[in-house]
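Peer 1: Questions regarding the structure given below will be posed in turn.
The values are calculated or read from the model by the stated rules, or taken from the named source; none is laboratory data. As the structure is a computational prediction, the values presented were derived from the model and not from experiment. Cβ sites come from the backbone with ideal geometry, for glycine too, and all protein chains shown count toward neighbours.
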Amino acid sequence: MTNTIRVVRADYANPVHAAALVMLLDAYASDPMGGGEGLSDFAKATLVPSLAARPQAFSVLAFAFASEDDATPVGLINCIEGFSTFACKPLVNVHDVAVLPGYRGQRIGEKMLALVEQIAVERGACKLTLEVLSGNGGAVKLYQRVGFAYYELDPAMGQAGFMQKWLA
């Protein structure tokens with residue numbers, strides 16, 4: 001039996017969506033590409049209410065349906081709206097992208113990114129941004145296939161690198 005994949009904008013008030021979001025983000029965090037350590041109990045308890053409290057945040061979920069009554073959450077994208085000072089318009093940062101291992105290779109990420117792009121356009125965003133580990137070849141191929149490219153202003157200056165500094 002073939003699963004039908006449905007991609008939806010997450011409703012943080014929907015308990016099915018909330019549980020799917022936490023489960024999928026925990027699975028992603030547990031994966032080597034997500035750091036290899038599951039979410040803390042604090043993150044599990046506060047993730048959905050914290051996202052819901054931020055109007056600049058939105059999430060996209062993918063469900064596999066074996067039948068009309070049998071939906072399995074299989075994919076997640078969390079996004080946070082930022083602002084491009086050069087364009088003076090919003091931008092959308094694709095913050096988390098996760099597809100459960102048994103469902104990879106079915107273009108679920110591509111379908112979720114298409115909905116993210118639609119929502120970003122509705123918000124008046126000028127671009128989508130994301131970060132990806134160089135060793136995550138499958139994700140790099142996905143992002144390039146749907147139109148992402150490494151960021152540079154002037155090729156002579158090189159590509160931008162993602163940096164972080166944890167705060168106490």
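Peer 1: Can you pull out every residue in the range 142-168 that is of a type in the set (D, E, K, R) and surrounded by fewer than 10 Cβ atoms within 10 Å (Cβ to Cβ)?
Peer 2: Scanning the range 142-168 gives Asp154, Lys165.
Peer 1: Just name the residue that is surrounded by the fewest Cβ atoms within 10 Å (Cβ to Cβ) out of those in the range 82-113 that are within 14 Å of Phe58 (Cα to Cα) and under 14 Å from the mean Cα position of the chain (by Cα).
Peer 2: Only one residue tops the list, namely His95.
Peer 1: Another question about this same structure. Could you run through the range 134-153 and say how many residues are in contact (Cβ under 8 Å) with a residue 12 or more places away in the chain and in a helix (DSSP H, G or I)?
Peer 2: 5
Peer 1: If you go through the range 52-60 one residue at a time, do you hit one that is basic (Lys, Arg) and more than 17 Å from Asn93 (Cα to Cα)?
Peer 2: Within the range 52-60, none of the residues are basic (Lys, Arg) and more than 17 Å from Asn93 (Cα to Cα).
Peer 1: I need the full set of residues from the range 13-36 which are modelled with pLDDT under 95 and more than 21 Å from Val92 (Cα to Cα), in order please.
Peer 2: Within the range 13-36, Asp31, Pro32, Met33, Gly35, Gly36 qualify.
Peer 1: Inspect all residues belonging to the range 98-109 and state whether any of them is among the hydrophobic types (A, V, I, L, M, F, W, C), in a helix (DSSP H, G or I) and touching a Gly at 6+ places or on another chain (Cβ under 7 Å).
Peer 2: yes
Peer 1: For the subset of the range 114-133 comprising residues that are assigned to a loop (DSSP other than H, G, I, E, B) and of a type in the set (A, V, I, L, M), which member is nearest to Phe58 (Cα to Cα)?
Peer 2: Ala125
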